[in-house]
Amino acid sequence: MAGLNPEFWKKEIKRKLFEEIPFLGLCENANEYVIGGVAVHIPNEQGSLPVQRNPTYPLGISQITDGEVFYPLQNYAVGAGLITAIEEAEISYSKKESVLRRFTGDMKDFIARDTLRLWSEGLPSTSRIATSGAAAPTTIGSTSGNRKQLVKADILKAATMLDNQLIGTDKRYLLLSPDFHAQLMSEDTNFAMAYQTIMNLKTNELPTLYGFSIMKYTRPIITDTSGTVKLPEAAIASSDDVSAVFWHSDCVELAQGKLDVFDNPRRAEYQGDLVSLLMRMGGRRNRADNKGIGLITSKP
């Protein structure tokens, strides 16, 4: 069977990750602080000095100490997939490349959802907003019962929350699930028309509402009844809720480490080739006070 071009597939994985999941680029990039391809180390200054009006001299002296941020990157692996010599000979396409495309898609979606989890898990109650619209049946996974719908007033609360946190009014984003997106469209036909016009005619722009650039993503954040953000691979319970995440791009970050494409051809014990992927990425909220990001959660 033909061998792979690892460099091509590395470029393809990165392209799909950031072109097809554009919100991953709407944050601080911490790649320059990745060490050894496996962890992030960010040195930073600690503390600040007050501004004085009409100071007396000599000024007080305070030492500015250095601190650091350190966190390991997550390891995301797909495979190993086996393509036997027999099946490769019996089909008219490259199954190895087809398998890698599927692996790439699976990894892309998993990393995107896990990044949202890393950004939003553990947020305090002051950074959470409950939906307040009319109740309607939930349609996410195996959830059941009614949840209050998303309305514009909930988004206004999110904008006000960031205003009160003194977060900049530019570079604010809101990521909606398909249900939340549909609820917002049905509430305001004028906004729906504006949204469709922008998306159809100016694909490089996003519609805005209350200062948020709004995006839709088919893989929503799932939270349990205690508000804990669930892992992407966790089963969805009937009582779980859906959350939309809103953030300022200066308040969250993403770092990319090593990316490996493995191709082990002609393995005698399998009479075929083995392929797999490994990518190291990580993210976090980059403010200790948790400001600049929040969740809007559907509630009964």
Check: Across the stretch 110-117, in residue order, what do the Karplus-derived ³J(HN,Hα) couplings come to in whole Hz, using 6.51 cos²θ - 1.76 cosθ + 1.60 with θ = phi - 60° and x for Gly and Pro?
Finding: 5, 4, 4, 5, 6, 5, 4, 5
Next item on the list: State the extension gain, in nm to one decimal, for the chain segment bounded by LYS299 and ALA135, taking 0.36 nm per residue of separation less the distance between their alpha-carbons.
Entry: 58.2 nm
Check: What spacing in nm lies between the two simple spin-label points modelled at ASN146 and ARG15, each 7 Å away from Cα in the Cβ direction?
Finding: 4.9 nm
Notebook entry, point to check: Which whole-Hz couplings ³J(HN,Hα) result when phi for each residue of the stretch 7-12 is put into the Karplus expression 6.51 cos²θ - 1.76 cosθ + 1.60, θ = phi - 60°, listed in order with x for Gly and Pro?
Noted result: 5, 4, 6, 4, 5, 5
Check: Which length gain, in nm to one decimal place, applies between ARG102 and ASN31 when the Cα-Cα distance is subtracted from 0.36 nm times their residue separation?
Finding: 22.9 nm
Note to self: Around LEU184, under 13 Å between beta carbons, what's the net of Lys plus Arg minus Asp minus Glu among the other residues?
What the structure shows: -2
Next item on the list: Of the options ALA112, TYR33, GLY122, report the single residue whose Cα projects farthest towards the positive end of the charge dipole of the chain (beta-carbon charges: Lys, Arg +1; Asp, Glu -1).
Entry: GLY122
Note to self: Counting heavy atoms of the protein chains only and a 1.4 Å probe, report the per residue accessible area for the chain as a whole number of Å².
What the structure shows: 53 Å²
Next item on the list: Go ahead and run the numbers for FRET between GLU187 and VAL38, Cβ-Cβ distance against an R0 of 45 Å, rounding to 0.05.
Entry: 0.45
Notebook entry, point to check: Which of the following values of semi-axes √(5λ) of the Cα gyration tensor in Å was calculated from the structure shown: [x] 39, 29, 18; [y] 28, 21, 18; [z] 29, 25, 17?
Noted result: [x]
Checklist line | Three-way shape label, the stretch 107-153, alpha-carbon gyration tensor, a/c 1.5 | finding: oblate
Next item on the list: With a 1.4 Å probe and every protein chain kept in, tell me what percent of the accessible surface of the chain is carbon plus sulfur.
Entry: 51 percent
Next item on the list: If a/c stays under 1.5 just call it rounded; otherwise compare a/b with b/c (prolate if a/b is bigger, oblate if not). Do that for the stretch 37-158, with a ≥ b ≥ c from the square roots of the Cα gyration tensor eigenvalues.
Entry: oblate
Next item on the list: Determine the dipole magnitude for the stretch 116-160: charges of +1 sit on the beta-carbon of Lys and Arg, -1 on that of Asp and Glu, nothing else is charged, the reference point is the Cα centre, and the result goes in debye to the nearest 20.
Entry: 80 debye
Notebook entry, point to check: What are the residues whose amide H is under 5 Å from the amide H of ALA130, where those residues sit 5 or more places off or on another chain and H is modelled from the backbone?
Noted result: THR297
Checklist line | Full-extension gain in nm, THR169 to MET215, via 0.36 nm per residue minus C-alpha separation | finding: 14.8 nm
Notebook entry, point to check: Simple spin-label model, 7 Å along Cα-to-Cβ: GLU269 to ALA234 in nm?
Noted result: 3.6 nm
Check: Under a point-charge model restricted to the Cβ atoms of Lys and Arg (+1) and Asp and Glu (-1), what is the dipole moment magnitude of the chain relative to its Cα centre, in debye to the nearest 20?
Finding: 440 debye
Item checked: Dimensionless Rg over Rh [the stretch 218-275; C-alpha; Kirkwood] -> 1.24
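The values are calculated or read from the model by the stated rules, or taken from the named source; none is laboratory data. This structure is a prediction, so every number in the text was calculated from the model and none was measured. For neighbour counting, all protein chains shown are included, and Cβ atoms are generated from backbone atoms with ideal geometry for every residue, glycine included. These accessible areas exclude ligands, DNA and RNA; they are computed on the full protein's heavy atoms, side chains included. Shrake-Rupley method; radii C 1.70, N 1.55, O 1.52, S 1.80 Å.
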